[in-house]
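Bear in mind these aren't lab numbers, they're just calculated from the coordinates by the rules spelled out. Everything quoted here is computed from the prediction, not taken from an experiment. Virtual Cβ from ideal backbone geometry, glycine too; neighbours counted across all protein chains shown.
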Amino acid sequence: MTEQQPIAVLGGGSFGTAIANLLAENGHSVRLWMRDAEQAESIRTHRQNPRYLKGVTLLPGVCPVTDLGQTLAECQLIFVALPSSALRQALSPFADHLSGKMLVSTTKGIEAQGFMLMSQILEEIAPQARIGVISGPNLAREVAEHALTATVVASDDEALCRCVQQALHGRTFRVYASSDRFGVELGGALKNVYAIMAGMAAALGMGENTRSMLITRALAEMTRFAVRLGANPMTFLGLAGVGDLIVTCTSTKSRNFQVGHALGEGLSLDEAVSRLGEVAEGVNTIKVLKTKAEELQVYMPLVAGLHAILYEGRTLDQVIALLMRGEPKTDVDFISTDGF
Ligand SMILES: NC(=O)C1=CN([C@@H]2O[C@H](COP(=O)(O)OP(=O)(O)OC[C@H]3O[C@@H](n4cnc5c(N)ncnc54)[C@H](O)[C@@H]3O)[C@@H](O)[C@H]2O)C=CC1
Ligand SMILES: O=C(CO)COP(=O)(O)O
């Protein structure tokens, strides 16, 4: 990739906008692709994306565009910041444009059919592309407002990792490299589910002990699941594992946390999601995860509990009582132990 070549960011939501501005800050020319022409025109004129990142000014290097084919043709490095429900459908028609390109997913979701992570979908759509992911404790607003932040770029393509590090690494944003693409990406998707629970607990007025118990047992549960699928357990002790789990389970800026909070206040799932008006990937991930855990026979009581509340008509009180009544367990071997 040459210095002058533009970089593409696909998705005009909060994360796409934040990443585009970071790249522009580092001197890159950025094509921020969005499907909505009106939104693109408004951003071009006002240099703001008020629906998703109110108050953040977009740098002159960020150019909002709506022609996806042309954007993909112009750029070698392409960040994909689309919701998981949209990624396949948006990119499949452009498979021909993707050969040899560096495609880096930032999307933290799982496709139900075949339990596919986003980078696996990219690989399927564009077998000749070079694939990576970024994931970590990266709340879009904080990234955009220059809170000191770190992320992980993961790929078995070392040159791609270096290229992403060069493009994104800056004054307030550190980029670490990893070869465990699967673990890094899975961590980002799984933690959303537990953030919904943490939001519920907060709405019920539960304290810090509860939150800490939840986060720690969530880490055990997600690691147990990931190891069963072949991920490196050490990844879950890093930024893309426990790092992202902590931020999402403790911040009211997290949309998954907000959905959980609304549920804890007594709203229905539909009401909670429509009040949010943005993507909360955990709402879909919980379904996919519950099915996969059953198929693999991995014990995931927190996942089963949340699923029972969201989709099986159980009350929060019933599920909490069930979880707390479980047999006492050992704490030490947290990956293989089978209890909450
Ligand atoms: N917001 C955050 O703090 C972070 C988000 N992520 C991940 O990034 C992904 C995107 O999230 P956000 O930007 O936060 O979502 P968002 O809800 O802020 O924005 C989603 C954007 O995608 C667009 N979109 C929806 N369907 C589309 C389609 N079919 N074709 C084209 N565009 C479409 C929407 O118009 C909107 O611009 C998610 O998987 C999320 O988990 C990752 C790290 C941080
Ligand atoms: O992934 C995130 C932070 O790392 C953003 O979380 P939410 O999607 O819950 O806002």
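For this structure, a couple of remarks:
- DSSP beta bridges in the chain [antiparallel fraction, %, rounded to 5]: 20 percent
- Distant-in-sequence amide contacts of GLY109, defined by a placed amide H-H separation under 5 Å and a gap of 5 or more residues or a different chain, comprise MET118.
- For LYS329, nonlocal amide neighbours, meaning residues 5 or more places apart or on other chains whose placed amide H falls under 5 Å from its own, do not occur.
- Sorting the segments 78-88, 154-164 by their residues' average number of neighbouring beta-carbon atoms within 10 angstrom, most packed first, yields 78-88, 154-164.
- For ALA150, the residues 5 or more places off, or on other chains, whose built amide H falls under 5 Å of its own are ARG174.
- The residues ASP67, ASP180, when put in order of fewest to most other Cβ atoms within 10 Å, stand as ASP67, ASP180.
- Computed E for ASP67/ALA147 - FRET, C-beta separation, R0 35 angstrom, nearest 0.05: 0.60
- Karplus (6.51, -1.76, 1.60) ³J(HN,Hα), θ = phi - 60°, over segment 35-42, in Hz, Gly and Pro reported as x: 7, 8, 5, 5, 4, 4, 5, 5
- Where labels lie 7 Å past Cα in the beta-carbon direction, separation of ARG171 and LEU229 in nm: 3.8 nm
- Table column - 3J(HN,Hα) (Hz), segment 13-18, Karplus curve with 6.51, -1.76, 1.60, x for Gly and Pro: x, 5, 6, x, 5, 5
- 27 Å Cα-Cα threshold exceeded, pairs from LYS253/LYS292; LYS191/LYS292; LYS292/LYS329: LYS253/LYS292
- Three-way shape label, segment 35-79, alpha-carbon gyration tensor, a/c 1.5: prolate
- Applying the Karplus relation 6.51 cos²θ - 1.76 cosθ + 1.60 with θ = phi - 60° to segment 69-76 yields 3J(HN,Hα) values of x, 5, 4, 5, 5, 7, 10, 8 Hz, where x marks Gly and Pro.
- Expected 222 nm ellipticity per residue - DSSP helices of 4 or more, -39500 (n - 2.57), all of the chain, to 500: -15000 deg cm²/dmol
- Per-residue extension of 0.36 nm, minus the Cα-Cα distance of GLU158 and LYS329, leaves a gain of 57.4 nm for this segment.
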